[in-house]
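This report refers to the structure that appears directly beneath it.
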């Protein structure tokens, strides 16, 4: 289940995004899943991505950095279409720190869109919840676009929510299969 909220802050002109993705597995199994290149590629494809590139770098301390790039269709409102064109290239980096005794991890998430002044920057926390796990995301979406920046930020935040909802579906399929 995906839970989230979106709030705009003024005058900094960024939109705060908080969301979580539930996984029906313990934190150790969930971490193994979210750092699996095939899983990350499946999530990228499920969100409409093409030309998908994924790499995972494991640290000696048990940390991991997942880097993905994908081209997405630019299904944007008219006020933003002129800035983007027909497609947009997303570069996403999720860094998961070392696990604590329960398998919980904290980390960061960064997202940039090539050629578009929109950035997503925040934190993530993977931890046990009930009989499964959850990854909580807290991020700021910033768009440096005159006049329409706030609208673009809110639209981007809604798209991130939709991507995370799709990730929930892909996770359920991978964990139950």
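Observations, loosely collected:
- At an R0 of 30 angstrom, the distance between the Cβ atoms of residue 121 and residue 162 translates into a FRET efficiency of 0.95.
- The modelled label-to-label distance for the pair residue 53/residue 106, using points 7 Å beyond Cα in the direction of Cβ, is 3.2 nm.
- Between residue 38 and residue 67, residue separation times 0.36 nm minus the direct Cα-Cα distance comes to 9.2 nm.
- Taking label positions 7 Å along the Cα-Cβ direction at both residue 18 and residue 114, the computed distance is 3.5 nm, reported to one decimal.
- Spacing of the two label points (7 Å from each Cα toward its C-beta) at residue 93 and residue 29, in nm: 3.2
All of the numbers you see were taken from the coordinates with simple rules; none came from a lab. Bear in mind the structure is a predicted one, so any value in this text is a computation, not a measurement. Using ideal geometry, Cβ is built from the backbone for each residue, glycine included, and neighbour counts are taken over all protein chains shown.
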